[in-house]
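First up is the structure itself, then whatever we jot down about it.
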Amino acid sequence: MTSVPRKALLRALAGEVLPRPAWWLMRQAGRYLPEYRELRSRVGDFLELCLTPPLAAEATMQPVRRFGMDAAIIFSDILLVPYALGRSVVYREGEGPLLEPIESSAELHSLERQAVLQCLEPVFETVRRVARALDPETALIGFSGAPWTLAAYMVEGAASRDFCRVKAWAYRDPAGFGALIGIVTEAAIAFLSGQIEAGAEAVQIFDSWAGVLPADAFERWVIEPTAQIVAAVKRRHPQHPIIGYPRGGGVLYECYVEETGVDAIACDTALPPRYARERLQQRLPVQGNLDPVMLLAGEEALSEPVEQLWRILGKGPYIFNLGHGVLAQTPPEAVAALARLLRNLAPAE
Ligand code: CP3
């Protein structure tokens with residue numbers, strides 16, 4: 001029997017040190033790609049694109065086909081979870097999403113917990129399609145928003161400058177807010193497990209607004225629910241690695257790593273790579289964290305920061321990525337240049 005070499009991304013997630021970094025980019029599909037804009041123009045809205053499996057599968061494949069990343073990430077959105085819980089979610093052109101805000105715990109009974117899996121079934125079908133279509137070297141990543149970030153969108157109704165409403169609710173009425181977090185946690189567990197059962201080989205938990213909380217609240221609303229998700233998903237799927245992304249977590253990254261049980265840690269743009277090497281990579285594989293704006297700075301400016309990340313993090317288990325998502329104004333040629341740079345890196349020494 002010939003053994004199939006494992007995919008580079010899965011090897012890195014299992015703790016192997018690779019001669020060249022495995023890589024993918026958060027938000028690697030999307031508006032910076034002309035072929036995505038063409039696909040997007042064929043549907044009425046973004047939700048329809050996410051919930052139409054042949055189109056979502058195509059959007060998933062586009063960046064991988066063009067640039068040869070080591071992983072595809074399923075094309076959907078973190079706000080499909082609030083949508084599946086029965087909230088209205090509208091994506092406004094160029095302005096970000098708008099949700100019908102939840103004002104208090106009295107409204108929690110209206111969340112449709114029973115319908116979640118059925119509502120997300122098109123995403124699972126997308127996963128099945130992409131799993132069949134991917135070449136054998138490319139891994140497939142599923143994802144969910146983390147409960148804190150999802151609750152923040154659900155309470156604020158949109159991205160927010162100061163997160164006053166959601167934070168004030170959490171501080172004033174932790175039991176009531178905890179009930180919302182509990183419902184979202186349960187939905188995130190179902191969403192992630194469903195994607196794994198459909199063929200996702202690893203999953204990432206996006207906590208994009210983790211960094212707005214003080215330490216005690218970070219413990220309670222970021223770490224605790226994430227630990228519950230990790231435990232529940234691992235009970236069902238112990239072999240599937242889970243990547244955590246507590247954006248803006250700063251020095252709390254260490255507590256997050258210790259206490260949540262994630263298998264790998266995605267570093268945001270602000271986290272010093274040396275901190276990641278010394279305090280995180282000893283324990284688990286590190287992913288990240290080139291500033292997405294570097295892709296707007298020209299090919300010349302790109303090589304030094306990429307090589308520097310590799311020098312600092314390449315001696316341990318490492319996955320190259322950005323510290324946040326690809327920006328819509330990124331020239332596709334910059335991503336092509338990045339792909340070339342990564343292919344030509346010499347083994348870290
Ligand atoms: O390529 C991929 O990474 C897979 C698909 C993906 C999308 N959103 C598609 C998308 C992923 C992983 C996400 C995650 C996501 N969505 C996050 C976490 C990551 C982060 O950026 O912090 C968040 C906070 C969201 C919520 C969201 N969705 C916002 C704020 C917006 C509007 C702003 C923006 O960047 O466009 C979206 C819309 C969205 N999600 C688009 C895409 C491709 C653009 C929709 C369009 O075509 O108009």
Residue under evaluation Glu112, criteria (1) among the acidic types (Asp, Glu); (2) modelled with pLDDT under 95; (3) within 11 Å of the ligand (Cβ to nearest atom), criterion not met: (3)
Wholly enclosed helices (runs of 4 or more DSSP H) of the range 103-209 bearing at least 1 residues over 21 Å from the mean Cα position of the chain (by Cα) and closer than 21 Å to Ala56 by Cα: 116-133
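Of all the residues that make up the range 99-112, how many are open to solvent by 30 Å² or more (accessible area, probe 1.4 Å) and within 21 Å of Ala170 (Cα to Cα)?
In the first step, residues of the range 99-112 are kept if they are open to solvent by 30 Å² or more (accessible area, probe 1.4 Å); the result is 100-101, 103-107, 109-110, 112.
Subsequent filtering for residues that are within 21 Å of Ala170 (Cα to Cα) retains 100-101, 103-107, 109-110.
Residues in the range 99-112 being open to solvent by 30 Å² or more (accessible area, probe 1.4 Å) and within 21 Å of Ala170 (Cα to Cα): 9 in total.
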Residue in the range 232-256 that is most open to solvent (accessible area, probe 1.4 Å), counting only those that are over 23 Å from Gln195 (Cβ atoms) and among the hydrophobic types (A, V, I, L, M, F, W, C): Val251
Of residues in the range 311-320 being in a helix (DSSP H, G or I) and open to solvent by less than 70 Å² (accessible area, probe 1.4 Å), the one farthest from Asp263 (Cα to Cα): Ile312
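State yes or no: is Arg31 out of contact with any Phe, Trp or Tyr (no Cβ under 8 Å at 6 or more places or on another chain), at pLDDT 95 or above and open to solvent by 70 Å² or more (accessible area, probe 1.4 Å)? First the steps, then the outcome.
On the way: out of contact with any Phe, Trp or Tyr (no Cβ under 8 Å at 6 or more places or on another chain): yes; at pLDDT 95 or above: yes; open to solvent by 70 Å² or more (accessible area, probe 1.4 Å): yes.
Yes; evaluated as a whole, the condition is true for this residue.
With respect to Glu107, is the statement that it is in contact (Cβ under 8 Å) with a residue 60 or more places away in the chain, over 30 Å from Tyr256 (Cα atoms) and more than 14 Å from the ligand (Cβ to nearest atom) true? Outline the logic, then answer.
On the way: in contact (Cβ under 8 Å) with a residue 60 or more places away in the chain: no; over 30 Å from Tyr256 (Cα atoms): yes; more than 14 Å from the ligand (Cβ to nearest atom): yes.
Judged against the criteria, Glu107 is not a match.
Determine whether Glu16 is assigned to a loop (DSSP other than H, G, I, E, B) and open to solvent by 50 Å² or more (accessible area, probe 1.4 Å). Reasoning before the result, please.
On the way: assigned to a loop (DSSP other than H, G, I, E, B): yes; open to solvent by 50 Å² or more (accessible area, probe 1.4 Å): yes.
Yes; evaluated as a whole, the condition is true for this residue.
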Meets criteria (of a type outside the set (Ser, Thr, Tyr) and either open to solvent by 10 Å² or more (accessible area, probe 1.4 Å) or part of a helix (DSSP H, G or I) (or both)) for Gln308: yes
Cβ pairs under 6 Å, 6+ apart, first in the range 11-24 and closer than 12 Å to Arg343 by Cα, second aromatic (Phe, Trp, Tyr): Pro21/Tyr318; Pro21/Phe320; Trp23/Phe320
Residues satisfying the stated conditions in the range 197-232, i.e. in contact with a Lys or Arg (Cβ under 9 Å, 6 or more places away or on another chain), within 16 Å of the ligand (Cβ to nearest atom) and of a type outside the set (Gly, Ala, Ser): Glu201, Phe206, Asp207, Trp209, Val212, Leu213
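Given Ser88, Ser76, which one is more than 17 Å from the chain's Cα centre (by Cα) and small (Gly, Ala, Ser)?
Numbers: Ser76 fails: more than 17 Å from the chain's Cα centre (by Cα).
Of Ser88, Ser76, the one residue that is more than 17 Å from the chain's Cα centre (by Cα) and small (Gly, Ala, Ser) is Ser88.
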Long-range neighbours under 6 Å by Cβ, at least six apart or interchain, first residue closer than 9 Å to Ile243 by Cβ and among the polar types (S, T, N, Q) within the range 201-214, second more than 9 Å from the ligand (Cβ to nearest atom) and open to solvent by less than 30 Å² (accessible area, probe 1.4 Å): Gln204/Ile243
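Answer with yes or no whether Arg27 is assigned to a loop (DSSP other than H, G, I, E, B) and at positive phi. Before the answer, list the steps.
Working: assigned to a loop (DSSP other than H, G, I, E, B): yes; at positive phi: yes.
Judged against the criteria, Arg27 is a match.
The values are calculated or read from the model by the stated rules, or taken from the named source; none is laboratory data. Quantities reported herein were computed from a predicted structural model and do not represent experimental measurements. FYI the Cβ positions are ideal-geometry reconstructions off the backbone, even for glycines, and counts take in every protein chain you see. The area values use the complete protein model at the heavy-atom level, side chains included, leaving out ligands, DNA and RNA. Shrake-Rupley method; radii C 1.70, N 1.55, O 1.52, S 1.80 Å.
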